[in-house]
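A.B. asks: This is the structure, below, for whatever I ask next.
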């Protein structure tokens, strides 16, 4: 068995328009395709970062809440690599997206911080 790369990450949101605005207009991801599935009353939005397909954003009627705190088993967070964390943190805050204070990874010495999507999904920016 040989995995090549991560193909995509699926995210289910509670408010499709709000999450679409967040991922597209605030984070700057590109829309590859948008599909409404009438039989499921559900949208599927394929999003890319720098031309690379990374996120499938789904909406479903009345999805259960995600447990974020205390941390539960399962996917912990999504991390985005950035060149300058202070600049990106500032840009996020100028768009009304607050983040935690910048910390230093004790193993790599690199800077990182967390913020959340509209449904509380933890997102990380990590300086390379």
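Any read-out appearing in this document is the output of simple, stated calculations on the displayed coordinates, not a laboratory observation. Model, not experiment: these values are computed from the prediction. Using ideal geometry, Cβ is built from the backbone for each residue, glycine included, and neighbour counts are taken over all protein chains shown.
A.B. asks: What number, in percent, do you get for the relative contact order of the range 76-128 if the mean sequence gap of Cα pairs under 8 Å and at least 6 apart is divided by its residue count?
C.D. replies: 46 percent
A.B. asks: Can you put 75, 92, 57 in order of Cβ neighbours within 10 angstrom, beginning with the fewest?
C.D. replies: 75, 92, 57
A.B. asks: Among 65, 20, 44, whose mean-square fluctuation peaks in a Gaussian network model of the chain (Cα, cutoff 10 Å)?
C.D. replies: The residue that fluctuates most here is 65.
A.B. asks: When the chain is treated as a GNM, springs tying every alpha-carbon pair under 10 Å, which of 70, 118, 101 comes out with the largest mean-square fluctuation?
C.D. replies: 70
A.B. asks: Test of understanding: what is the full-extension gain from residue 67 to residue 39, defined as 0.36 nm times their sequence separation minus their Cα-Cα distance?
C.D. replies: 7.3 nm
A.B. asks: Calculate the tail of P(r) for the chain: the fraction of all Cα-Cα distances greater than 22 Å, expressed in %. Intermediate results must be reported in sequence, preceding the final value.
C.D. replies: Values: 3388 of 8128 pairs.
Cα-Cα pairs of the chain separated by over 22 Å account for 42 percent.
A.B. asks: Another question, then. In nm, to one decimal, how far is the residue 60 label point from the residue 108 one, both placed 7 Å along Cα→Cβ?
C.D. replies: Here the modelled spin labels are 3.2 nm apart.
A.B. asks: Across the range 26-80, what fraction of all alpha-carbon pairs, as a whole percent, falls in each successive 5 Å bin from zero upward?
C.D. replies: The percentages, shortest bin first, are 4, 15, 19, 19, 21, 16, 6, 0.
A.B. asks: Can you give the extra length, in nm with one decimal, that the chain gains between residue 26 and residue 91 once fully stretched, where that is 0.36 nm per residue apart less the Cα-Cα distance?
C.D. replies: 22.5 nm
A.B. asks: Now for a separate question. For the range 76-128, list log₁₀ I(q)/I(0) at each q in 0.29, 0.31, 0.32 Å⁻¹, using the Debye formula over Cα point scatterers of equal strength and ignoring solvent, two decimals each.
C.D. replies: -1.25, -1.35, -1.39
A.B. asks: Another one. Which percent, to the nearest 5, of DSSP beta bridges fully inside the range 65-128 are antiparallel?
C.D. replies: 60 percent
A.B. asks: While we're looking at this one, here's another question. Per DSSP helix of 4 or more residues, -39500 (n - 2.57); summed, then divided by the residues of the chain. What does that give at 222 nm, rounded to the nearest 500?
C.D. replies: -3000 deg cm²/dmol, from helical runs alone.
A.B. asks: What ranking of 21, 46 emerges when the number of other C-beta atoms within 10 Å of each C-beta is taken as an exposure proxy, fewest first? Write down the numbers at each step before the final one.
C.D. replies: Numbers: 21 13, 46 17.
So the residues, fewest neighbours to most, are 21, 46.
A.B. asks: Still on this structure, please answer the following. Using a 10 angstrom cutoff on alpha carbons, build the Gaussian network for the chain and name the most mobile of 41, 117, 15.
C.D. replies: Highest fluctuation among the options: 41.
A.B. asks: Mind sorting 1, 98 by how few other Cβ atoms lie within 10 Å of their own Cβ, fewest first?
C.D. replies: The fewest-first ordering by Cβ neighbours comes to 1, 98.
A.B. asks: Continuing with this model, one more query. What angle do you read, to the nearest 10 degrees and between 0 and 90, between the alpha-carbon axis of helix 85-94 and the longest principal axis of the chain?
C.D. replies: The answer is roughly 50 degrees.
A.B. asks: May I ask you to compute the full-extension gain from residue 116 to residue 8, defined as 0.36 nm times their residue separation minus their alpha-carbon distance, rounded to one decimal in nm? Before the final figure, lay out each step's value.
C.D. replies: Numbers: separation 108, 0.36 × 108 = 38.88 nm, distance 1.90 nm.
The residue 116-residue 8 span can extend by a further 37.0 nm.
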